[in-house]
There are 2 protein chains.
Amino acid sequence: MDPVIDRAVTIGVEPVDPDPAAAPSTTRDRILDISLELFSTQGYDKTSLRQIAERLGYSKAAIYYHFASKEDILMALHLRLHEFGRDALRAVEDDDSSPALWAELLDQLIDQMLTHRALFILHERNQAAIEELHRERSDADHEDLQIRFRRALSNDAVPVETRVRMSCAFGAAMSGLVLAGDVFADVPSEELGRMLRDAVHALLGEPR
Amino acid sequence: MDPVIDRAVTIGVEPVDPDPAAAPSTTRDRILDISLELFSTQGYDKTSLRQIAERLGYSKAAIYYHFASKEDILMALHLRLHEFGRDALRAVEDDDSSPALWAELLDQLIDQMLTHRALFILHERNQAAIEELHRERSDADHEDLQIRFRRALSNDAVPVETRVRMSCAFGAAMSGLVLAGDVFADVPSEELGRMLRDAVHALLGEPR
DNA sequence: GTCTATATAGGGATAGAC
DNA sequence: GTCTATCCCTATATAGAC
C-alpha cells in the first residue's frame with residue numbers, strides 16, 4: 001500500500017477551515033492557500049509546481065505526496081467553492097426558477113463572494129482550466145454549479161425577458177470581479193454588499 | 001533583409017475584414033481566425049502552435065513566418081478588440097464619467113459584443129494571458145481599455161454608490177458571456193441587445 | 001513526511017533547404 | 001511563402017533514498 005496513492009486520491013471536500021483565525025497548519029492546506037494565491041493572480045497555466053514548491057519551502061516532488069497532479073490542486077479549490085455554493089443553491093429548485101428565488105440566491109452568493117473573494121477570482125480568471133477539469137472527469141455526482149445556473153436560465157416556462165434579466169442580475173452581482181480589480185477595495189464589505197444587492201433587486205425587483 | 005522579420009514585426013491593426021462576406025484570403029487572417037476559435041474555446045494556454053498548424057494545413061514553423069511568437073497572435077487579436085472599443089470609448093472622457101455617458105458607452109459596447117462575440121469571449125476567458133501581454137510590453141501609446149474603464153470607476157468626484165452601479169451595469173451588459181454559454185443563442189441579436197440596454201438603463205437611468 | 005535524482009514529453013522557437 | 005529538421009527548455013510526474 002503506497003501511502004502516496006492512498007492520500008493523493010483523497011481529494012474530497014474536507015471541512016473548510018475549521019478555525020479561520022489560525023494560520024493553515026497542515027502542509028496540504030498550505031499548498032492550497034499558496035496555489036489559490038498564485039492561480040488567481042498569475043493564472044493556473046502560468047503557475048508551475050516549482051513556483052509553488054519554492055513558496056512552500058519544500059521541493060517540487062513534495063507536492064506529489066499531497067496531490068496526485070497539478071489538476072488535483074485546482075480540483076480541490078474548485079470543490080471548496082462548490083461547497084459554499086451548495087448552500088445558496090438549495091434555494092433554487094429545478095422546477096421553480098422564479099426571479100424572486102433567483103434574487104435570494106444572488107443575495108447569498110454576494111455574501112459568499114465578498115468573504116471568499118480570491119476563490120471567486122480564481123474561477124473567474126481560469127474558466128478554461130476549470131472546464132477542462134469537468135471535461136476529463138465526469139465526476140460522479142458532483143454536478144457543477146455553472147451547469148445548474150445555466151439550466152435555470154434555460155427554463156422555457158419563464159419568459160426570455162425575465163431570464164435575460166436574471167442573467168444580467170448575476171453579471172451585476174459578480175461585476176466587481178471582472179472589471180474592477182481593487183477599485184472598490186476600501187469600501188467595507190457590508191456596504192458593498194448592500195449596494196450590490198440593491199442593484200440585483202433593481203433588476204429583478206419589479207418584474208415589470 | 002530577412003522578409004520573415006520584416007513581416008512578423010508588423011503587428012499593427014490593419015483594417016479589420018474589408019469584406020466580411022468573403023472567407024479570409026490571406027494566410028495571416030486564416031491563422032488569426034483559427035486561433036480565435038481555438039483560444040476562445042480551449043483557452044490560450046491549452047492551445048499549441050502544433051494544433052493551429054494542423055488546422056491550417058501547414059507545418060508548425062510556417063506560423064513563424066507570419067507571427068514572431070505565439071503571444072503575437074494573441075496580441076493581434078487583442079488589438080482587433082481594442083480597435084472596436086476605441087470608437088465606443090471616445091464618448092467617455094477622463095474628466096466626465098457621468099452615469100449618462102457610461103450608459104451610452106455600454107450601449108455601443110453591447111452592439112460590439114453581439115457582433116464580435118468570439119472576440120469578447122476570448123478576452124473573457126483568457127484574462128490572465130492578456131494581462132501578461134500588457135505586463136511585458138508597455139506598448140507605447142496603446143493604452144488598454146480595461147485600464148481606462150477602471151480609471152472611470154475610480155473617479156472620486158462621483159459618489160461610490162453611483163460608481164458601483166456603473167460597475168454593475170457593465171457586468172449586466174457582459175453577463176451573457178460569463179455564465180450563459182449559448183443559452184440565449186437563438187434570441188435574435190437586436191432583441192437581445194434591446195433587453196441588455198434595458199437592464200443597463202434600469203441600473204443607471206434614474207440615479208435614484 | 002520530505003527529499004534527490006531522473007525520466008519523459010511537449011512546448012515554443014530557430015536555421016536553413018526548397 | 002512554405003516546409004523539414006532540430007534545438008532547447010521547462011513542465012509534469014515517477015522512483016526510490018533518507
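Quick look at the numbers
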read-out	value
Euclidean distance between Cα centres, segment A:132-208 to segment B:26-58, Å	31
Inter-copy label distances at A:E191 (7 Å, Cα→Cβ; nm, one decimal)	4.3
Efficiency of FRET from Cβ geometry, B:A157 and A:L79, R₀ 51 Å, rounded to 0.05	0.70
Efficiency of FRET between A:Q112 and A:S69 - r from beta-carbon atoms, R0 22 angstrom, step 0.05	0.20
Exam field: A:A62 pseudo-label spacings to other copies (7 Å along Cα-Cβ), nanometres	4.9
Dipole-positive endmost among A:T115, A:V158, A:A185 within segment A:78-208 (Cβ charges, Cα centre)	A:A185
Segment A:50-116 - Kirkwood radius from inverse mean 1/r over Cα pairs (Å)	14.5
Nearby lysines by direct alpha-carbon distance to B:K46 (threshold 22 angstrom, same-chain neighbours under 8 apart not counted)	A:K46, A:K70, B:K60, B:K70
Inter-copy separations for A:T115, label at 7 Å along Cα-Cβ, nm, ascending	4.6
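FYI, it's all coordinate maths here, none of it is from the lab. Only a predicted model underlies this, so the values are computations on that prediction, with no experimental measurement involved. In this analysis, Cβ positions are derived from the backbone assuming ideal geometry, glycine residues included, and neighbour counts consider all displayed protein chains.
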